[in-house]
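Let me begin by handing over the structure; questions about it come next.
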Amino acid sequence: MSSPGEGRRAAWLPVRDHRFWVVQALVAVVFLLHELADGGLGTRPFAVVPHLAFEALFLFPLLYAALNFGLRGSLVTAAWVTLLMSLDITFSLQGMGRINLWAHYVELATLDIVAVAVGWGVAAERLARARAEVAETRYRQLYETARAPILLLDAEGVVCDANPAATAIFNGNLTGRHGRSLLPGGFPLGEQARRVLSLPDGRDYRLGLVSLPPGTGAASTQAIFEDVTEEHRDRRLATHYAALVVQAEEDQRRRLARELHDEPLQLFLHLARHLESLAETPGIPASAADRLARAHRQAFDAGLRLRGLARELRPPTLDHLGLVAALSGLLADVDEEEADLHADLQVTGEAVRLAGDIELGTFRIIQEAVRNSLRHAEARRLQVTVGFGADELRLTVADDGRGFTPDEFDDLTATHLGLLGMRERARLLDGDLEVRSAPGAGTVVDARVPLRTPQDVANGGANLVAS
Ligand SMILES: Nc1ncnc2c1ncn2[C@@H]1O[C@H](COP(=O)(O)OP(=O)(O)OP(=O)(O)O)[C@@H](O)[C@H]1O
Ligand SMILES: [Mg+2]
């Protein structure tokens, strides 16, 4: 049994190939003919044939060696020719003029260069072909053994080939069938890229489409189905869990707001009224009336703060009058409390009431973005825009404050929860949220959410976190 090393040595030079030795013998024959022509063997039988024609005869064995045995074969053959011709030149040196001598060298060099160049080209081409074959074999192995179903499709979307995993899942011979006939809904494969599809084996797959380079036969596209069943289930569970957490938080806020409003707020207002009437009691000493009046103001202020807190926890206007009214109230409070900041609300499109979860979720997003601007931005202007589109609600909160680097807070292990919460809220509403900011350049929070009205919900839309 030969080791790989031996195999490689045997292939270095084709010494076992009889054609190689025939070529070397042919070189010797051409050399003899050349000697005859030159009169080196005492006679000149071919005196009428030009000398160059005999030299050119060397091209036959040289080119044959180059084409059949590659660079090494051509090098060895060229070396053999050079050796014989060098002997010839050495022995006939006396009778040769300088010019003749150089002509011999040039002819010899030309022969060698041609042979080596062709041999080089052949070797390079063989190497490229061998590499392509290795790559093809590896691809084929991967294709055959891949657990992911793979289809090869032609330009019309018809299956030209399917790997065993695909054949097993789609049950039978797929070649010649149109890709769209295999998918749920019969949609063209090209439109399903990156979508998650349920295949006949009951699992979820994400479809990836790869364009194949020309020259790979009839197939122009490779469709790979990546099994994302577990990932999908985990994501669904995470979303469900996040929705439950948000729901619980909202319930808690609502309960707290009601408790604050019904108990301590009423007590403070009652106390304030009582202190006010005591301060106005006739005949009471002036200093006591003064203190009672101060206590009345403090009790009244505390009541107002409690009302503000209850409103922040759950603005009653949101339920009664909707998003735009609740945002107007929020920004009016900001304007009142922040003397150095100008807050403005702009509404574009036709403002309509939205599904409960959308009004609540988007209000919370804007509330947190506004709160961040107040706490961190040191801004002078705050612009909130709500755009009602045909099927999308667009929200932006822009400040001209000191800005920050959002990537630094794009981390689930972070202790800052505001930005994460905003993203999660947008995601729960099937939307997305982007924070654009840089140090010194202000901040823009930009969210898009699919628009759903209460009618849509009544007609069967989802309402996960409405409360
Ligand atoms: N509008 C803004 N201008 C400047 N910096 C901001 C702005 N919004 C957020 N940041 C920066 O991003 C950080 C993260 O914000 P995030 O809302 O996640 O957390 P937080 O406001 O610090 O705390 P909380 O969890 O109470 O919201 C902030 O600490 C702040 O440094
Ligand atoms: Mg925050």
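Can you confirm whether THR396 is of a type in the set (Ser, Thr, Tyr), more than 8 Å from ligand 1 (Cβ to nearest atom) and more than 25 Å from the chain's Cα centre (by Cα)?
Details: of a type in the set (Ser, Thr, Tyr): yes; more than 8 Å from ligand 1 (Cβ to nearest atom): yes; more than 25 Å from the chain's Cα centre (by Cα): yes.
Yes; evaluated as a whole, the condition is true for this residue.
Any residue at all in segment 382-389 that is touching a helix residue (DSSP H, G or I) at 6+ places or on another chain (Cβ under 9 Å), more than 26 Å from THR239 (Cβ to Cβ), assigned by TED's automatic domain parsing to the domain that holds ALA458 and within 13 Å of ligand 1 (Cβ to nearest atom)?
Yes, because at least one residue in segment 382-389 is touching a helix residue (DSSP H, G or I) at 6+ places or on another chain (Cβ under 9 Å), more than 26 Å from THR239 (Cβ to Cβ), assigned by TED's automatic domain parsing to the domain that holds ALA458 and within 13 Å of ligand 1 (Cβ to nearest atom).
I'm trying to understand the selection: among the residues of segment 287-311, which are without any contact (Cβ under 8 Å) to a residue 40 or more places away in the chain and either of a type in the set (Gly, Ala, Ser) or outside any helix (DSSP H, G or I) (or both)? Lay out the reasoning, then the answer.
First, pick out the residues of segment 287-311 that are without any contact (Cβ under 8 Å) to a residue 40 or more places away in the chain: 287-305, 308.
Within segment 287-311, SER287, ALA288, ALA289, ALA293, ALA295, ALA299, ALA302, GLY303, GLY308 qualify.
If you check ARG427 against the conditions, is it within 13 Å of ligand 2 (Cβ to nearest atom), closer than 24 Å to LEU354 by Cα and assigned by TED's automatic domain parsing to the domain that holds LEU345? Walk me through how you get there before you give the answer.
On the way: within 13 Å of ligand 2 (Cβ to nearest atom): no; closer than 24 Å to LEU354 by Cα: yes; assigned by TED's automatic domain parsing to the domain that holds LEU345: yes.
No: the conditions fail for ARG427.
Now, a different point. Select, from ARG375, ARG353, ARG371, the only residue that is in the same structural domain as VAL449 (by TED's automatic domain parsing), under 24 Å from ALA243 (Cα atoms) and within 16 Å of ligand 2 (Cβ to nearest atom). Spell out the reasoning first.
Numbers: ARG375 fails: under 24 Å from ALA243 (Cα atoms); ARG353 fails: within 16 Å of ligand 2 (Cβ to nearest atom).
None of the others qualify; the one that does is ARG371.
Is it the case that segment 406-413 has a residue that's buried (at least 19 other Cβ atoms within 10 Å of the Cβ) and within 15 Å of ligand 1 (Cβ to nearest atom)? Walk me through how you get there before you give the answer.
Step one: filter segment 406-413 for residues buried (at least 19 other Cβ atoms within 10 Å of the Cβ), giving none.
Checked segment 406-413: no residue is buried (at least 19 other Cβ atoms within 10 Å of the Cβ) and within 15 Å of ligand 1 (Cβ to nearest atom).
To continue, here is another question. Name the pairs: first residue in segment 372-388 and basic (Lys, Arg), second residue near ligand 1 (Cβ under 8 Å from one of its atoms), Cβ to Cβ under 7 Å, at least 6 apart or on different chains?
Close Cβ pairs (under 7 Å, with a partner that is near ligand 1 (Cβ under 8 Å from one of its atoms)) amount to ARG381/ASP399.
Test ARG138 against the criterion of being of a type outside the set (A, V, I, L, M, F, W, C), out of contact with any helix residue (DSSP H, G or I) (no Cβ under 7 Å at 6 or more places or on another chain) and over 29 Å from ARG235 (Cα atoms), and give yes or no. Write out each step before concluding.
Details: of a type outside the set (A, V, I, L, M, F, W, C): yes; out of contact with any helix residue (DSSP H, G or I) (no Cβ under 7 Å at 6 or more places or on another chain): yes; over 29 Å from ARG235 (Cα atoms): yes.
Yes: the conditions hold for ARG138.
Now for a different question. In segment 322-350, how many residues are within 16 Å of ligand 2 (Cβ to nearest atom) and among the hydroxyl-bearing types (Ser, Thr, Tyr)?
Of the residues in segment 322-350, 0 are within 16 Å of ligand 2 (Cβ to nearest atom) and among the hydroxyl-bearing types (Ser, Thr, Tyr).
Quick one: is ALA257 surrounded by 14 or more Cβ atoms within 10 Å (Cβ to Cβ), at pLDDT below 90, within 59 Å of the chain's Cα centre (by Cα) and under 30 Å from ARG364 (Cα atoms)? I'd like the intermediate steps shown before the answer.
Numbers: surrounded by 14 or more Cβ atoms within 10 Å (Cβ to Cβ): yes; at pLDDT below 90: yes; within 59 Å of the chain's Cα centre (by Cα): yes; under 30 Å from ARG364 (Cα atoms): yes.
Considered against the rule, which asks whether it is surrounded by 14 or more Cβ atoms within 10 Å (Cβ to Cβ), at pLDDT below 90, within 59 Å of the chain's Cα centre (by Cα) and under 30 Å from ARG364 (Cα atoms), ALA257 comes out as yes.
Is at least one residue of segment 293-305 closer than 29 Å to ARG425 by Cα and not assigned by TED's automatic domain parsing to the domain that holds ALA426?
Residues of segment 293-305 that are closer than 29 Å to ARG425 by Cα, as a first pass: 305.
Right, trim to not assigned by TED's automatic domain parsing to the domain that holds ALA426 and you get 305.
Within segment 293-305, one or more residues are closer than 29 Å to ARG425 by Cα and not assigned by TED's automatic domain parsing to the domain that holds ALA426.
Evaluate segment 214-222: report whether one residue or more is surrounded by 17 or more Cβ atoms within 10 Å (Cβ to Cβ) and farther than 30 Å from ASN163 by Cβ.
no
Of TRP80, TRP12, which residue is at pLDDT 85 or above and among the aromatic types (Phe, Trp, Tyr)?
Values: TRP12 fails: at pLDDT 85 or above.
Matching residue, one of TRP80, TRP12: TRP80.
Here is a list of conditions, (1) of a type outside the set (D, E, K, R); (2) farther than 29 Å from ALA441 by Cβ; (3) within 15 Å of ligand 2 (Cβ to nearest atom), and VAL397 meets all of them except one; can you say which number that is?
(2)
A follow-up question, please. Being surrounded by fewer than 19 Cβ atoms within 10 Å (Cβ to Cβ) and within 16 Å of ligand 1 (Cβ to nearest atom), is that true of even one residue in segment 342-353?
Yes - at least one qualifying residue is present in segment 342-353.
Here is a further query. Is it the case, given these coordinates, that ALA289 is touching a strand residue (DSSP E or B) at 6+ places or on another chain (Cβ under 9 Å) and either outside the structural domain of ALA351 (by TED's automatic domain parsing) or more than 22 Å from LEU417 (Cα to Cα) (or both)? Lay out the reasoning, then the answer.
Numbers: touching a strand residue (DSSP E or B) at 6+ places or on another chain (Cβ under 9 Å): no; either outside the structural domain of ALA351 (by TED's automatic domain parsing) or more than 22 Å from LEU417 (Cα to Cα) (or both): yes.
Criteria not met by ALA289.
Would you pick out the residues in segment 414-459 that are among the β-branched types (Val, Ile, Thr), at pLDDT 90 or above and within 16 Å of ligand 1 (Cβ to nearest atom)? Spell out how you get there, then give the answer.
Keep residues of segment 414-459 that are among the β-branched types (Val, Ile, Thr), which gives 415, 435, 443-445, 449, 453, 457.
Cutting the leftovers down to at pLDDT 90 or above gives us 435, 443-445, 449.
If the condition is that a residue be among the β-branched types (Val, Ile, Thr), at pLDDT 90 or above and within 16 Å of ligand 1 (Cβ to nearest atom), then VAL435, THR443, VAL444, VAL445 are the ones that fit.
Evaluate the following for VAL435: is it within 13 Å of ligand 2 (Cβ to nearest atom), in contact with a Leu (Cβ under 8 Å, 6 or more places away or on another chain) and assigned to a strand (DSSP E or B)? Break it down into steps so the answer makes sense when it comes.
Details: within 13 Å of ligand 2 (Cβ to nearest atom): yes; in contact with a Leu (Cβ under 8 Å, 6 or more places away or on another chain): yes; assigned to a strand (DSSP E or B): yes.
It is true that VAL435 is within 13 Å of ligand 2 (Cβ to nearest atom), in contact with a Leu (Cβ under 8 Å, 6 or more places away or on another chain) and assigned to a strand (DSSP E or B).
The values are calculated or read from the model by the stated rules, or taken from the named source; none is laboratory data. As the structure is a prediction and not an experimental result, all values here were calculated from the model. All Cβ positions, even for glycine, are placed from backbone atoms using ideal geometry, and neighbour counts span all protein chains on display.
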